[in-house]
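Here's the structure, in structure tokens; my notes come after.
The values are calculated or read from the model by the stated rules, or taken from the named source; none is laboratory data. Keep in mind it's a predicted model, so treat the numbers as computed, not measured. Cβ sites come from the backbone with ideal geometry, for glycine too, and all protein chains shown count toward neighbours. Remember, those area values only see protein heavy atoms, side chains included, never the ligands or the DNA or RNA. Shrake-Rupley method; radii C 1.70, N 1.55, O 1.52, S 1.80 Å.
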Protein chains: 4
Amino acid sequence: VASIDLNSDLGEGYGIWQLGDDEALLSVVSSANVACGFHAGDPGIMRRVCARAVADGVSIGAQVSYPDRDGFGRRFIDMAPGDLADAVVYQIGALQACATVSGGAVRYVKPHGALYNAVVHHEVQARAVVDGVRALSAGLAVMCLPGSALLRAADAAGLPTVAEGFLDRGYRADGTLVPRTEPGALLTDPDTIAARAVALVETGHLDAVDGSRLRLTVASLCLHGDTPGAVAAATRVRAALLAAGHTVAPPAAWA
Amino acid sequence: VASIDLNSDLGEGYGIWQLGDDEALLSVVSSANVACGFHAGDPGIMRRVCARAVADGVSIGAQVSYPDRDGFGRRFIDMAPGDLADAVVYQIGALQACATVSGGAVRYVKPHGALYNAVVHHEVQARAVVDGVRALSAGLAVMCLPGSALLRAADAAGLPTVAEGFLDRGYRADGTLVPRTEPGALLTDPDTIAARAVALVETGHLDAVDGSRLRLTVASLCLHGDTPGAVAAATRVRAALLAAGHTVAPPAAWA
Amino acid sequence: VASIDLNSDLGEGYGIWQLGDDEALLSVVSSANVACGFHAGDPGIMRRVCARAVADGVSIGAQVSYPDRDGFGRRFIDMAPGDLADAVVYQIGALQACATVSGGAVRYVKPHGALYNAVVHHEVQARAVVDGVRALSAGLAVMCLPGSALLRAADAAGLPTVAEGFLDRGYRADGTLVPRTEPGALLTDPDTIAARAVALVETGHLDAVDGSRLRLTVASLCLHGDTPGAVAAATRVRAALLAAGHTVAPPAAWA
Amino acid sequence: VASIDLNSDLGEGYGIWQLGDDEALLSVVSSANVACGFHAGDPGIMRRVCARAVADGVSIGAQVSYPDRDGFGRRFIDMAPGDLADAVVYQIGALQACATVSGGAVRYVKPHGALYNAVVHHEVQARAVVDGVRALSAGLAVMCLPGSALLRAADAAGLPTVAEGFLDRGYRADGTLVPRTEPGALLTDPDTIAARAVALVETGHLDAVDGSRLRLTVASLCLHGDTPGAVAAATRVRAALLAAGHTVAPPAAWA
């Protein structure tokens, strides 16, 4: 039996607008990547998600982003590294206050959208994110793809790191994700997704799209929740893991 | 001899745009009301002002505002109290992170512009601001006009309070400020302003516009800095207080 | 038989976030109040709604708002009249361009949310809105409650006016709407709403909540669409009017 | 004797914040690139600049930008082409309304900052900008560097084009600008700048940084105004051109 973290993006509504089913996901995951107002979220949503996460025993992470509500943080922005580090500090701080008033605390940081994709390989922006996190606290963990520039920079800075895997995304043989524009990029069948979760946890391996066997060392599994089917799949993943005798819990990095 | 706090609004630029002379004022005041990004300021400006404030031994306060960059926070917004409290939490948290990375900490909260004017008498918004501050920390002080709804609410909630006076604004006999649209609202002569500062500190009294003598119990004096003349006046106030043997230092509430 | 306009708020999503069912409503109404980016909407949504409106033969109106995406334009903002007039000009112009590229044109202006509520009685803001509209074009109609300050100001400025009625809101005997916090404020039964529409068109009268008979002279009926049931009700209203032999078409003011 | 256009970026303040000296520059230039609210500017500033431009006989152009007030439009954003085209339509429309209420009209479009730099070579974004402009009007001219992807796309779409030169920037032998990080990138001496203007107008040539002679066919000269010295230099350029018998006037593309 093993212990594995399940994480999901939460609090991605804004003002009157809703996105995803925060309540449903908070009963499934062990870690919540909470939007901090730069791509989604606002003070009220952040506080409510934090309050619910604390009540459900779910860990709180800062889902930091480029400042881009118009584009939901999905567009690369060529920010100067100093500006990016400061933006990371600001977002974590804002969420930390929302967590504090809810009786919780921010445990980790995970970039969102285009920033996530950038810091997988963009060394300068990866270091900028780490600079922001590290300046604030040496105890904050950083979550990203295994082997990413971000986790390398975090490790070099002495920050705890958490590698994550994606159950609903296809992998190439080299461990990178299949781009969304290519076949096999997205998996939607709940049974398949749940089976992959159990297999990955038990064997440390996942089948790549070309049929080859991929070694994947991850401490957390990312579950998406912005479609109705995704919530059902997430629920299924948790149930399958528990049924197989495993534990769903935050990683040691912040448990 | 007495000890008095001098406070000023700082960090009120935004992006490429500058406003006021932050560096000059930081060498004059003992407390900096730092804008938190809702009416002015951005992560980079906030961090730089905090860093300089820490270097200069100046206390850091959160200058919280309605979310209104378009109007510089000078327009009343009929926010729901819960939303206002959450906005206060968010702003303080963001500034707290900027202060932390600079080796400092947020000591107090002062509303800005239209929110300031509102919470002098608007009981619901005053309580909302206090709710936000109190939920975050029982140690944060609240700064406003003596006798304001905000200070009453803060006091009732057990928060430290700091009453402030305005040296460059005319007072009515009832202790309220002369509206900017009326004669006597603004004082600009540095000698007059400095003389008022010394007189207020030594006697606890100020002359109202109608010539009557006004009792004013304040622990801090607000100096404006968004005009060149205002910086000169602020410098003059500090010099006059020191020359008279007084001390310029943060109030006991957060010193 | 009579001809009546049906209008609805449209294009109130923002970026990734959706609100209401624009397509469904565009097949029901004869006039579309399109959000202009200040409380909701963005360039892409505006262009797409305009394109569809033109294709469906639906008139395009500018749903102008305070600048307040955070609060969906539902919070009063104490804007200076000059700023408000300029904001109205900007929003109409932005929508006009989106209409132009779609082969259409903006025919009328209707305030949104808190601005709507304000200009029913707030003479200064009502005149400011009219000043903005009138400066841009003498041919743009203005839509609001019958007897509102806005329609009076528009009429005085020589602008065409269109009074509208609300089918899903209760009326007081004096012709004002029952506040949402009071009983009878909202009607949800599609049959009742459709019957009110036909009765109002045929008799010019509506029953107020106290049972008294209210004379209501309106050229347009507002249908809400931000709930699933509201779309069904809107569809029902149109069908009932057509079944009774009436015509659903834009008012003469801009047809 | 020749006729040459002088253009400058104007209306780049925002809310309370000012940038540059709009009034001084409007008495120097023949064409005003007016910010449209996406990187700078707001409805009030746009209307005031338009009113003054009309009064001074200065042509009005839309200075369109990425949506990025935080970064003053100086950061590349990887916008989808459709979103960029829609953003261009929105901005031109908003400015067109401000121009209309001032008795003027938008004559041309010039990208700002990072968008300008992108569309010099980024074919997809260049076509997107042209798509937006062309959908709105076949009569709007497009201004950019000679030989840029933007002017090629505009020309292919049948739009009038205006090539511009920079007097205060060094050129490489291939006609591109010396990057700001390299020596010779910026010229600041008013005499030198004015002499370059007259030489360029009279000979069609400019000296590159390596001393080679560069052929430069431009219909407009860009003058910067966001520093005090730049305004003086701009004034000097105009005076030198007039003293040499030339005319300062908008290009034929929109005169």
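Calculate what fraction, in whole %, of the accessible area of chain D sits on carbon and sulfur atoms when a 1.4 Å probe is rolled over the protein chains. Ligands and nucleic acids excluded, carbon and sulfur reach 52 percent. Placing +1 on the Cβ of every Lys and Arg and -1 on the Cβ of every Asp and Glu, with no other charges, gives the protein assembly as shown a dipole of roughly 0 debye about its Cα centre.
Each other copy holds its own label point for residue C:173; taking that point as 7 Å from Cα along Cα to Cβ, the gaps run 4.8, 8.5, 9.3 nm, nearest first. Among the protein heavy atoms, those of residue D:205 account for about 50 Å² of accessible surface (1.4 Å probe, every chain in place). Here the Kirkwood formula puts the hydrodynamic radius of the range C:37-115 at 12.8 Å, using every distinct Cα pair. Note on B:132-141: average number of Cβ atoms from other chains within 10 Å of each residue's Cβ is 2.
On average, how much accessible surface per residue is there in the range D:136-240, in Å², for a 1.4 Å probe, leaving out ligands, DNA and RNA? Per residue, the range D:136-240 has 43 Å² of solvent-accessible surface. Shape annotation for the protein assembly as shown: C-alpha extents along the principal axes are 74, 73, 66 Å, from largest to smallest. Comparing D:195, D:65, D:230 along the charge dipole axis of chain D, the residue lying farthest to the positive side is D:195, per the Cβ-charge model. Residue by residue along A:9-21, Cβ atoms of other protein chains within 10 Å of the local Cβ number 4 on average.
Inter-chain neighbour count for C:83-89: the average number of beta-carbon atoms from partner chains within 10 Å of each residue's beta-carbon is 6. Residue C:192 contributes about 60 Å² of solvent-accessible surface, heavy atoms of the protein only, 1.4 Å probe.
Sorting C:168, B:155 by accessible area (1.4 Å probe), largest first, what list results?
B:155, C:168
Each Lys or Arg adds one and each Asp or Glu subtracts one; over the other residues with Cβ under 12 Å from the Cβ of residue C:12, this totals -3. Label-point spacing for residue B:209 across the identical copies (point 7 Å from Cα in the Cβ direction), in nm and ascending order: 4.3, 5.8, 7.2.
In this structure the amide hydrogen of residue A:247, modeled in the peptide plane, comes within under 5 Å of the amide hydrogens of A:2, A:3, A:4, none closer than 5 places in sequence on its chain.
Buried area at the D:C interface is about 1500 square angstrom, summed over both chains, from accessible surfaces computed with a 1.4 angstrom probe.
Would you compute, from DSSP H runs of 4+ residues alone, the mean residue ellipticity of chain C at 222 nm, taking -39500 (n - 2.57) per run and dividing by the full residue count, rounded to the nearest 500?
-12000 deg cm²/dmol
For residue D:188, the accessible area of its heavy atoms, probed at 1.4 Å with every protein chain present, is near 120 square angstrom. When residue B:137 is represented by a point 7 angstrom out along its Cα-to-C-beta vector, the spacings to that point in the other copies are 1.4, 5.5, 5.5 nm, nearest first. Over chain B, calculate the relative contact order: mean separation of alpha carbon pairs under 8 Å at least 6 apart, over the residue count, as a percent. Answer for chain B is 22 percent. Averaging the Cα positions of each part gives two centres, and for the range A:148-179 and the range B:84-110 these lie 32 Å apart. Report the Rg/Rh value for the range A:1-159, based on alpha-carbon coordinates and the Kirkwood definition of Rh. Radius of gyration over Kirkwood radius for the range A:1-159 works out to 0.95.
With the other protein chains left in place, how much accessible area per residue, in square angstrom, belongs to the range C:6-85 at a 1.4 angstrom probe?
28 Å²
All other residues whose Cβ lies under 13 angstrom from that of residue B:237 are scored, Lys and Arg at +1 and Asp and Glu at -1, for a net of -1.
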